Each structure stands twice: as structure tokens, then as C-alpha cells.
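First comes the structure, then the notes that go with it.
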Amino acid sequence: MKKSAFCRAVAIVLASVSLFLSAGFYSNAYYLPSGYTMSNSYKSGKYYTQLAAVKLTGDQRKDIAAIAMSQIGYHEGYAGNYSGASSSAESNYAEYNRYAYYLNNAAWCGSFVSWCAAMAGIPTSILPKTAAAKPTYWKMCGTGALEGASAKTPEDLVTNGGTYIPQVGDLAFFGNKSTGNPLKNSCSHIGLITDVNLTYENGKVIAIEVITTEGNYSNQVKQNKYLFDASHRDGHAYRSTYLNTFGVPNYDDGKTVEYSSIDIGAYGGSLLRVGTANTGAVQTLQMGLNLVSVMECEALPTVKVDGVFDEETKNAVKKYQSANSLEVDGIVGSATWGELRSDLLRLTKAEESDYIVSSGKLYAYKGDSANPALPVGVKTVGTKAFMFRTKITSVALPLSVNSIERSAFAGCSGLKTVTYAGTLAQYNSISVEGDNSVFDAATPVFEKYTVRFQVGDSYADLTVASGSKPTVPASLAVNKQGDAYYEYVFSGWRMNGILYTELPAVTANCTFVAEFTKQKRIINVSTLNDLLTVLSRSEGCVAELDFCPDGILNVNDLNELLILLANTK
């Protein structure tokens with residue numbers, strides 16, 4: 001988790017963090033690739049709103065198509081105006097060119113496809129960043145082709161006797177009539193296949209209708225259809241231009257990102273200001289401001305998440321606007337909301353934990369599990385901590401939790417059980433504020449652990465309730481056999497490097513190992529006299545003390561005597 005008073009500088013650094021992780025569910029609207037910042041004019045237009053409404057699924061083919069189709073109707077503008085609302089040709093100024101090397105007054109069909117790939121979170125190892133319209137630049141064929149990528153021609157289609165059937169997400173290259181060889185086809189325009197319709201006859205595909213979404217088609221983003229059947233084999237598009245090459249990227253089908261992102265959704269259309277009664281939107285705003293504060297900009301104050309747009313919230317909004325070069329008026333419109341949404345997507349995507357925690361307080365859960373286990377160290381579950389992930393059926397609380405703020409689990413109507421790593425008494429001691437009826441109604445489940453007691457090579461296992469003190473099983477002999485010179489005295493149980501003379505309450509599976517102190521056996525004068533007295537009662541016993549039988553009691557005899565005495569004792 002990053003924190004800095006220099007909010008915008010840190011934002012640039014964090015934006016460079018890789019966004020292409022693997023495995024898991026996410027529902028963010030788009031990715032913000034490194035080095036690219038959307039223009040304010042684009043974010044003020046409807047095509048940004050349509051982009052923001054897209055929900056990514058993790059299916060790269062479907063996602064890039066959804067991004068592309070959200071931009072249908074976008075029209076190029078002029079320098080400084082990238083909203084897409086222009087109605088006439090304006091020298092090729094488009095938001096997509098800003099992403100692709102900030103090109104101006106340049107054809108933008110290739111930039112559009114690159115931009116769509118970036119917004120869908122598809123890495124450049126699958127679809128390169130380029131403004132070109134040739135399959136070799138897209139590395140679909142030729143000496144620099146990407147592994148797994150390929151290029152096809154109309155001659156490869158099943159309708160022409162081949163095996164290829166276009167798919168959503170494939171690239172469509174246009175130019176002169178096909179030569180049958182993608183490396184020799186001349187291409188000057190590119191689009192993205194966003195839908196395919198197949199016609200069958202007797203189980204065989206006899207017609208393929210390819211629907212494309214193309215940038216810079218008559219100066220706008222436009223959807224077109226191309227038919228391939230017995231009467232249309234060459235992919236004729238318009239005038240002397242043909243769909244002569246298909247690019248087949250090596251998409252990582254089904255791969256999604258590992259850590260989900262928090263998305264506050266598109267701007268609702270209503271200004272939020274002091275006195276606003278839109279409780280839900282205000283709560284989301286307050287949550288968003290707090291998250292930016294704890295994750296990046298500590299100069300931004302945190303506010304109470306209560307749905308009340310008061311002076312405290314207004315002050316936080318103004319400081320956020322100032323840090324982001326927005327109009328500082330304390331009123332949340334589309335520009336402020338859009339900037340906040342973009343920040344949250346960027347920050348929470350870079351955060352490699354499902355839990356956004358600061359100073360022991362859980363501000364938000366962004367994971368996809370319906371059964372999250374809060375990390376050890378969380379002391380407070382903050383207000384609305386689960387508002388962005390409401391499909392929770394159970395939650396596990398560590399012993400460190402001591403308070404749950406108001407409405408912490410609001411929206412989690414499916415919450416049924418709370419697993420707790422402590423005793424009932426400890427659970428009941430947790431401070432729970434109001435509006436937590438869902439949590440209060442959940443059934444507490446107290447964890448049980450396996451405790452092993454080990455003495456040398458012997459051991460015995462017990463099942464112990466969390467927070468309880470175990471007792472040593474009676475079946476286990478707690479001793480260690482000594483020898484002639486030493487005896488062993490039990491000194492306690494060692495667990496995780498700590499020696500316990502009194503067994504502690506357990507909160508996890510654990511093993512206690514018996515530890516002994518080695519002590520020398522002591523033979524004093526009185527003990528020796530007692531032994532001699534015993535031996536003297538039997539005829540010949542005293543003579544037996546001459547172990548070396550030479551008639552003299554020497555050092556060797558004394559050593560043997562000590563061994564005899566020790567074993568007799």
C-alpha cells in the first residue's frame with residue numbers, strides 16, 4: 001500500500017505497476033495503462049460514460065469487443081477536443097491517438113484497436129501497441145510474429161474449403177484483393193471483429209457474416225458487416241478495398257486478473273453537494289475519498305461514511321479536487337466523480353491484497369471470495385467495509401478484531417455465519433455499533449484446533465476449542481529415562497520457541513514438545529556408607545568391591561562402585 005503527500009507524483013508511479021495479473025474474479029470497467037492519462041475532454045463526453053459502463057469478464061475476446069462497441073459513433077475532433085461529439089472531419093484528432101504515441105493528424109484505425117486492447121487489460125505481448133494497419137506490425141505473421149499468433153486469408157475460410165472460422169476478438173485487415181498469402185497482402189486499414197454469424201446447411205457452414213467495429217471509418221468508429229459465402233469469397237468491403245487478412249491473436253482465453261478492483265460505477269448524473277440527500281451515492285463518495293487517502297494521499301482527510309454530505313465531506317472533496325487539478329468548488333460532478341473512479345481502479349488494482357487496511361482498520365474488502373478470512377492484525381472493521389462486495393455468506397474474524405463500526409456489513413444480506421478464532425466470551429466482548437443486524441443475526445462458529453503433545457518418540461493428539469487451555473493426555477508418560485550418571489527432570493512444554501510451564505490457550509493447530517533438564521546424579525558420603533552397610537550384611541559382599549580382584553580398592557574399583565550405586569538407587 002502506497003502513501004504520499006505528493007499525491008499526483010505517486011499516482012504516476014503506481015500507474016506503472018503491471019496490471020496483468022492472473023486468476024480470480026473482477027468487475028472493473030476498464031484498465032488505465034502505464035503512461036496514459038485520459039484527456040478531460042474525452043472524460044466529459046458520452047463515450048467515456050459508455051466505456052465506464054462496461055463490465056469486464058476476464059474473457060479477453062469478449063472484453064476487447066465490449067470496449068470497442070462502447071465507442072461506436074465516436075467522431076474525430078480537433079486539437080484539444082477529444083470528446084467524440086464532433087460531426088465533421090477534424091484532422092484525425094482522436095483520444096485513441098493520444099494513447100498511441102500522442103499522434104495527431106494521423107490515421108487512427110490502428111490506434112483505436114490498440115486502445116481497446118489496453119482498456120480491456122490485454123498485455124502488449126498479445127496485442128502490440130501500434131498505430132499501424134499491417135498484420136506484420138501487429139506481429140500476427142512474419143519473422144517477428146508473436147508465439148501462438150497467426151494470420152489467415154479468405155482462402156483459409158471454411159466457406160472456401162479451409163478450416164478457419166473468424167472469432168470475436170480477431171483482427172480484420174483491409175486493402176487490395178487477397179493474394180492468398182498474408183505476408184504479400186497489401187493492407188491499409190484495420191478493424192476488430194466484434195461478432196460473427198454463421199449459416200449452416202446439413203451441418204456445414206455455408207456462410208459467414210463478420211461484424212467489425214472499425215476506427216477512422218468515415219472519420220468515426222463504425223460497425224460494418226462483411227459476408228463470405230459461395231457468392232462472396234474475396235471479402236470485398238467498399239470501392240476497391242477488401243477484407244483480405246484476418247489476425248488471430250494468442251489470447252489467454254479465460255485468464256483473469258488475480259486481484260479485483262473497486263469500482264464506484266459511472267457518474268449517476270446528479271450533482272453531489274452539501275445537503276444532498278442521495279445517501280447511497282454520498283456513502284460511495286465518502287468511501288472512495290477515504291480509500292484514496294489511506295492508499296495514496298495522506299494529506300487528504302478521511303471522513304465519516306454516513307451518507308451525509310456535510311462540511312467535513314465538502315472539505316475532503318475540495319482537497320481532492322485541488323490535488324487533481326480540478327475545479328475546487330466542493331461539488332461532485334462528472335469530472336470529480338470520473339477522476340475518483342479512475343484513481344480507485346488504478347490504486348486498488350495495484351494493491352496486491354484483498355484487504356485495504358491502514359492502522360489496524362479494514363477500510364474495504366475487494367476480493368472475490370464469498371467466505372473471506374480477515375488478516376491477523378485487523379482491529380476494526382470499518383463502516384461499509386463490504387459495500388463493494390456484498391455476496392458474502394461467511395466471514396472469519398481473527399482474535400485481533402475488537403470493534404465493528406456502524407453498517408460494516410451493510411448489503412451482505414447473505415451473511416449466515418461468522419467463524420471466530422476465540423472463545424464465546426471473547427466474541428461477546430467485541431464492540432458492535434448499530435446498523436449491523438445482519439452481523440448480529442449470523443451464527444458464530446468457534447474454531448477447533450488439533451494440539452499434539454510429544455514426549456520423545458511418543459505423542460498424543462487432542463481436539464481443543466479455540467481460546468481454550470489444553471490438558472496433557474493421561475495416556476502420555478511425561479518422563480525421560482536417565483542413566484548411571486544423569487537423571488532428567490521435566491521442565492515444561494516448548495511450542496514455537498517458547499517454553500511454557502503452564503499451558504496457554506491455543507488459537508491454531510500446534511505441537512507442544514516436552515523438555516527436560518539434565519542433572520548429574522549425586523553420591524555423597526552418607527549414601528556410600530549406607531551402601532557399605534548393606535553390603536557388609538552378606539558374607540563376601542565387601543570383597544566384591546574389589547572389582548579388579550587384586551586385593552586393592554583403586555580408582556577403577558571406585559568407578560564401578562559409583563555405577564553400581566547409581567543403578568541400585
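The values are calculated or read from the model by the stated rules, or taken from the named source; none is laboratory data. Computed from a predicted model, the values in this text were never measured in an experiment. Backbone-built Cβ (ideal geometry, glycine too); neighbour counts: all protein chains shown. For accessibility, only protein heavy atoms count, side chains too; no ligands or nucleic acids. Shrake-Rupley method; radii C 1.70, N 1.55, O 1.52, S 1.80 Å.
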### Message
Pairs needed: first member in the range 80-100, at positive phi; second member anywhere, open to solvent by less than 50 Å² (accessible area, probe 1.4 Å) and assigned to a helix (DSSP H, G or I); C-beta distance under 8 Å; at least 6 residues apart or different chains.
### Response
GLY80/SER41; GLY84/TYR42; GLY84/TYR47; GLY84/GLU95
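In the range 406-429, what count of residues is obtained for those that are in contact with a Phe, Trp or Tyr (Cβ under 9 Å, 6 or more places away or on another chain) and within 26 Å of ASN496 (Cβ to Cβ)?
The qualifying residues number 8.
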### Query
Can you pull out the residues in the range 138-174 that are at pLDDT 95 or above and open to solvent by 60 Å² or more (accessible area, probe 1.4 Å)?
LYS139, LYS152
### Task
Quickly run through the range 205-232 and pick out the residues that are touching a residue at least 24 places away in the same chain (Cβ under 8 Å) and either more than 30 Å from GLU76 (Cα to Cα) or surrounded by fewer than 20 Cβ atoms within 10 Å (Cβ to Cβ) (or both).
VAL205, ILE206, ALA207, ILE208, TYR217, GLN220, LYS222, GLN223, ASN224, PHE228, ASP229, ALA230
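Out of the residues in the range 462-478 that are surrounded by 13 or more Cβ atoms within 10 Å (Cβ to Cβ) and either without any contact (Cβ under 8 Å) to a residue 12 or more places away in the chain or β-branched (Val, Ile, Thr) (or both), state the one that is nearest to ASN509 (Cα to Cα).
VAL464
So which of GLY265, GLY247, GLY235, GLY180 ends up being modelled with pLDDT of 90 or more, open to solvent by less than 30 Å² (accessible area, probe 1.4 Å) and among the small types (Gly, Ala, Ser)? I'd like the intermediate steps shown before the answer.
On the way: GLY265 fails: modelled with pLDDT of 90 or more; GLY235 fails: modelled with pLDDT of 90 or more; GLY180 fails: open to solvent by less than 30 Å² (accessible area, probe 1.4 Å).
Selected residue: GLY247, the only one of GLY265, GLY247, GLY235, GLY180 that is modelled with pLDDT of 90 or more, open to solvent by less than 30 Å² (accessible area, probe 1.4 Å) and among the small types (Gly, Ala, Ser).
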### Message
Which numbered condition in (1) open to solvent by less than 20 Å² (accessible area, probe 1.4 Å); (2) over 16 Å from THR284 (Cα atoms); (3) more than 11 Å from the chain's Cα centre (by Cα) is the only one that VAL328 fails?
### Response
(1)
### Looking only at the range 353-364, and only at residues there that are assigned to a loop (DSSP other than H, G, I, E, B) and hydroxyl-bearing (Ser, Thr, Tyr), the one that is nearest to the chain's Cα centre (by Cα)
SER353
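Can you tell which of GLY377, GLY367, GLY382, GLY411 is more than 17 Å from the chain's Cα centre (by Cα) and under 24 Å from LEU56 (Cβ atoms)? Spell out how you get there, then give the answer.
Working: GLY377 fails: under 24 Å from LEU56 (Cβ atoms); GLY367 fails: more than 17 Å from the chain's Cα centre (by Cα); GLY382 fails: under 24 Å from LEU56 (Cβ atoms).
Within the list GLY377, GLY367, GLY382, GLY411, the selection yields GLY411.
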### Query
Among the residues of the range 385-405, which ones are over 27 Å from VAL506 (Cα atoms), open to solvent by 30 Å² or more (accessible area, probe 1.4 Å) and either modelled with pLDDT of 90 or more or in contact with a helix residue (DSSP H, G or I) (Cβ under 9 Å, 6 or more places away or on another chain) (or both)?
MET387, PHE388, GLU405
### Query
Restricting attention to the range 121-138, does a residue exist that is touching a helix residue (DSSP H, G or I) at 6+ places or on another chain (Cβ under 9 Å) and within 16 Å of THR194 (Cβ to Cβ)?
yes
### Task
Check whether at least one residue in the range 335-346 is open to solvent by 40 Å² or more (accessible area, probe 1.4 Å) and either touching a residue at least 60 places away in the same chain (Cβ under 8 Å) or in a loop (DSSP other than H, G, I, E, B) (or both), and report yes or no.
yes
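Each row is one residue, and each column tells you yes or no for (1) within 22 Å of PRO182 (Cβ to Cβ); (2) touching a Cys at 6+ places or on another chain (Cβ under 7 Å); (3) among the aromatic types (Phe, Trp, Tyr).
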{"residue": "GLN223", "(1), (2), (3)": "no, no, no"}
{"residue": "GLY235", "(1), (2), (3)": "yes, no, no"}
{"residue": "ALA266", "(1), (2), (3)": "no, no, no"}
{"residue": "VAL282", "(1), (2), (3)": "no, no, no"}
{"residue": "GLY288", "(1), (2), (3)": "no, no, no"}
{"residue": "CYS297", "(1), (2), (3)": "no, yes, no"}
{"residue": "ASP310", "(1), (2), (3)": "no, no, no"}
{"residue": "THR313", "(1), (2), (3)": "no, no, no"}
### Query
Under the condition of being open to solvent by 50 Å² or more (accessible area, probe 1.4 Å) and hydrophobic (A, V, I, L, M, F, W, C), which residue from the range 479-504 is nearest to the chain's Cα centre (by Cα)?
ILE498
### Message
Within the range 203-306, considering only strands (runs of 3 or more DSSP E) that don't extend past its boundaries, which have at least 3 residues that are of a type in the set (Val, Ile, Thr)?
### Response
204-217, 241-248
### Task
Can you confirm whether the range 18-39 contains a residue that is at pLDDT 75 or above and either β-branched (Val, Ile, Thr) or more than 27 Å from LEU171 (Cβ to Cβ) (or both)?
yes
